[in-house]
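The values are calculated or read from the model by the stated rules, or taken from the named source; none is laboratory data. Predicted, not measured: the structure shown is a model, and the values here were computed from it. Every residue, glycine as well, gets a Cβ built from its backbone with ideal geometry; the counts of neighbours run over all protein chains shown. Side chains included, ligands, DNA and RNA excluded: accessible areas come from the protein's heavy atoms. Shrake-Rupley method; radii C 1.70, N 1.55, O 1.52, S 1.80 Å.
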Amino acid sequence: MRLRFAPSPTGALHVGSVRTTLYNYLFARQRDGVLILRVEDTDQDRLVAGAIDSIYDGLRWLGISSNEGPQEGGPHAPYVQSERLPLYQRHAQELIDKGAAYYCFCSKERLAALRAEQEAHHEITRYDRHCRNIPQAEAAERAKTEPHVVRQKVPDEGTLAIEDLVHGRIEWQANTIEDQVLLKSDGFPTYHLAVVVDDHVMQITHIMRGEEWMASVPKLSKRHGSTAVSQFREDGYLPEALINYLALIGWSPGNEDEVFSMDDLLRVWKIEQVQSAGGKWDKERLDYFNGVWIRKLSVDELVRRLEPFVPAEWDRVVLKKIAPHIQERMKTLKDAQELIRFLFTDDIGYEKSLLIPKKSDRATTVQVLARARAVLGELEPFVAAKIQPALEGLAAELGWSKGELNGVVRMAITGRKVGPPLYESLEVLGKEKSLRRIERAQELLAGGRD
């Protein structure tokens, strides 16, 4: 079995394309088949420099590999359409010789006038087959000197049909299909010709496309499926999470299972379980899967994955100590920097009013901070196992809830209302810094008014 993923290098790799590519990849790998990456760059006006490298980078990050392609090579090289022009021109000529295509000499001005007239009469805008019946010999002679395109000669009647593994049999009436351009005036093929010639020559056995290529079928909205894969990477999503999430847009395993690695998918994914209804984008669900996969990482692996998301000068020993304590609290890797910034800088500015619990006042909070500093100052070693009972005992003694006391101490040492668990935060920050920050909070409050 031979399948293909055929992106256009008109920008970055997008998630909508990745879902289609993933299904191609799973289908091919499960059957010991071949996946081909073919670059469809016939629309030369929209090309973006570096797009092919970007597509490969995105696929590698996600763990999707191809057997043949521009970088891999293969028996049907080249795998870039702009390098295969003679092949398309030869096939276009074959179609003309068979009477299945014809030269069209209509100018852009005539076509624009035709379109305007059809729109004015509320008609379907389509080519009127003006050049279709020019005798073949006459058209061939004119084509030597006149600008022209080559159009497909669609049959006047009959039914065109495909058997789709998801949607079943799909039919079109031939008389609803326009005589589309196959070869443009610059000698480049249109998508319609190049894709069919390449699929034929490269012996593609199964074509798996996004549903937008089937008229009137609901689809994964381009508005939601058009975010670049590189953007998800920069935003701190794990490739495992993105693959897991995308696999489940339009596919269900038939049970309650929902967390799947690529290896799991290769084992359980079935084309027969792909649904015909279109997929919907759900960022909250993606965030959920990202959290699941973050929590599955070992501490060492989490630290490695966090590398691009925290400043290079931050001490990696400290990062490794705190990593397991933020693992449960992150939706994305990008969340880490703000959660743990207090460990690497003394600049944790905050409004002093945030130190005072709702049921307390400035003077009382100053006293509570002093008591907390005294209690913590006596601890040796300064570890979470000793910090927790000490602060819980103090809260009981003061008649405060644990949450109220912890909130005051957390704000004093982190400058935030939320973050890693407090007792572990104090341990990793260290006794000296913790006491100094509590003292600074005291001074901040003492210098103000109620």
Quiz item: Pairs under 7 Å by beta carbon, first residue farther than 17 Å from ILE64 by Cα in segment 237-256, partner assigned to a helix (DSSP H, G or I) and modelled with pLDDT under 95, six or more apart or different chains?
Solution: ILE249/ARG19; TRP251/GLN273; SER252/GLN273; PRO253/GLN273; GLY254/GLN273
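Being out of contact with any Pro (no Cβ under 6 Å at 6 or more places or on another chain), in a helix (DSSP H, G or I) and among the aliphatic types (A, V, I, L, M) is true for just one of LEU35, LEU95. Which residue is that? Can you show your working first?
Working: LEU35 fails: in a helix (DSSP H, G or I).
The conditions single out LEU95.
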Quiz item: For residues in segment 70-87 being part of a helix (DSSP H, G or I) and in contact with an Asp or Glu (Cβ under 7 Å, 6 or more places away or on another chain), which is least open to solvent (accessible area, probe 1.4 Å)?
Solution: GLN81
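Hey, among ARG267, ARG341, ARG295, which residue is surrounded by fewer than 15 Cβ atoms within 10 Å (Cβ to Cβ) and more than 30 Å from ILE207 (Cβ to Cβ)?
Values: ARG267 fails: more than 30 Å from ILE207 (Cβ to Cβ); ARG341 fails: surrounded by fewer than 15 Cβ atoms within 10 Å (Cβ to Cβ).
Result: ARG295 is the single residue among ARG267, ARG341, ARG295 that is surrounded by fewer than 15 Cβ atoms within 10 Å (Cβ to Cβ) and more than 30 Å from ILE207 (Cβ to Cβ).
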Self-check item: Positions within segment 239-263 being open to solvent by less than 40 Å² (accessible area, probe 1.4 Å) and not small (Gly, Ala, Ser), in sequence order
Solution: PRO239, LEU242, ILE243, ASN244, TYR245, LEU246, LEU248, ILE249, TRP251, PRO253, PHE260, MET262
Quiz item: Given the conditions (1) open to solvent by 10 Å² or more (accessible area, probe 1.4 Å); (2) under 23 Å from ALA228 (Cα atoms); (3) at pLDDT 95 or above, and given that GLN30 satisfies all but one, which numbered condition is not satisfied?
Solution: (2)
Quiz item: Is it true that LYS402 is without any contact (Cβ under 8 Å) to a residue 40 or more places away in the chain, within 46 Å of the chain's Cα centre (by Cα) and within 20 Å of ILE322 (Cα to Cα)?
Solution: no
Quiz item: If a residue has to be in a loop (DSSP other than H, G, I, E, B), over 16 Å from GLN275 (Cα atoms) and of a type in the set (A, V, I, L, M, F, W, C) to count, how many in segment 247-264 make the cut?
Solution: 2
Practice problem: Filter segment 40-69 for residues that are open to solvent by less than 50 Å² (accessible area, probe 1.4 Å), closer than 20 Å to VAL195 by Cβ, part of a loop (DSSP other than H, G, I, E, B) and not β-branched (Val, Ile, Thr) and give the result. | Solution: GLU40, ASP41, SER66
Quiz item: Of all residues in segment 277-292, which are touching a residue at least 12 places away in the same chain (Cβ under 8 Å), open to solvent by 30 Å² or more (accessible area, probe 1.4 Å) and either touching a Cys at 6+ places or on another chain (Cβ under 8 Å) or assigned to a helix (DSSP H, G or I) (or both)?
Solution: ARG285
